[in-house]
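These notes concern the structure reproduced below.
The values are calculated or read from the model by the stated rules, or taken from the named source; none is laboratory data. Source: prediction; values computed, not measured. Using ideal geometry, Cβ is built from the backbone for each residue, glycine included, and neighbour counts are taken over all protein chains shown.
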Amino acid sequence: MGTTGSPALVLNADFRPLSYYPLSLCSWQDSVKAVFLDRVSVIESYDKKVHSPSMSFKLPSVVALKDYIMPQRQPAFTRFNVFLRDNFSCQYCLQKFSANELTFDHLTPRCMNGKTTWENVVSACTSCNLKKGRRLLQQTGMKLLKKPARPNSILLQNNGRNFPPNFLHDSWRDYLYWDTELES
Ligand SMILES: [Zn+2]
């Protein structure tokens with residue numbers, strides 16, 4: 001049975017993800033090792049098992065650290081964090097979307113030398129993004145929810161708590177593929 005696609009989500013001792021930026025994941029080998037070293041508790045498991053000659057063990061899907069670790073101060077500038085800052089809602093029509101339905105809009109379009117930065121990038125749904133196109137906001141009659149800014153980690157943690165407990169658990173696997181650092 002393949003175990004390669006079975007990383008564990010790592011929660012801090014307060015049961016929040018250790019980090020959202022990027023989402024804290026570790027390989028199944030590391031999570032099993034941490035369980036045996038008594039550094040983490042297993043919160044949830046996959047159905048997959050690993051076997052040794054003397055025992056079998058369900059692979060952890062969610063583990064929590066036994067000792068609390070202080071969160072990072074400076075969130076990385078990633079797709080996930082931009083969406084989390086914006087509460088996974090389009091900043092123009094204010095509707096919530098899933099991660100794969102959201103896009104980025106550059107307030108000052110790239111063709112006008114707009115940068116890919118916290119201050120110039122907002123989450124937008126596909127239709128609002130198309131509607132705005134390569135124009136400045138003033139040229140469109142569209143409204144922006146709020147001026148984008150660099151978030152601190154407390155804001156991201158608080159936003160993360162607004163989601164149902166299984167939101168991250170159900171969807172975090174996707175972030176492995178797209179939570180890469182954006183250019184800055
Ligand atoms: Zn929209």
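Of the residues making up the range 7-62, those that are of a type outside the set (Asp, Glu), touching a residue at least 12 places away in the same chain (Cβ under 8 Å) and part of a loop (DSSP other than H, G, I, E, B) are 7, 12, 13, 15, 16, 18, 19, 21, 22, 24, 27, 39.
Within the range 82-99, take every residue that is charged (D, E, K, R) and surrounded by 15 or more Cβ atoms within 10 Å (Cβ to Cβ) and give me the one that is farthest from the ligand (Cβ to nearest atom). Spell out the reasoning first.
Step one: of the range 82-99, the residues charged (D, E, K, R) are 85-86, 96.
Still in the list and also surrounded by 15 or more Cβ atoms within 10 Å (Cβ to Cβ): 85-86.
On the way: 85: 16, 86: 11 Å.
Filtering the range 82-99 for residues that are charged (D, E, K, R) and surrounded by 15 or more Cβ atoms within 10 Å (Cβ to Cβ), the one farthest from the ligand (Cβ to nearest atom) comes out as 85.
Under the condition of being under 12 Å from the mean Cα position of the chain (by Cα), surrounded by fewer than 20 Cβ atoms within 10 Å (Cβ to Cβ) and among the hydrophobic types (A, V, I, L, M, F, W, C), the residues counted in the range 68-81 number 2.
Where helices (runs of 4 or more DSSP H) fall entirely within the range 105-184, those with at least 3 residues that are modelled with pLDDT of 70 or more and away from the ligand (no atom under 16 Å from the Cβ) are at 153-161.
Selection of the range 37-86 for residues being of a type in the set (S, T, N, Q) and farther than 20 Å from residue 119 by Cα yields 41, 45, 52, 54, 56, 61, 72.
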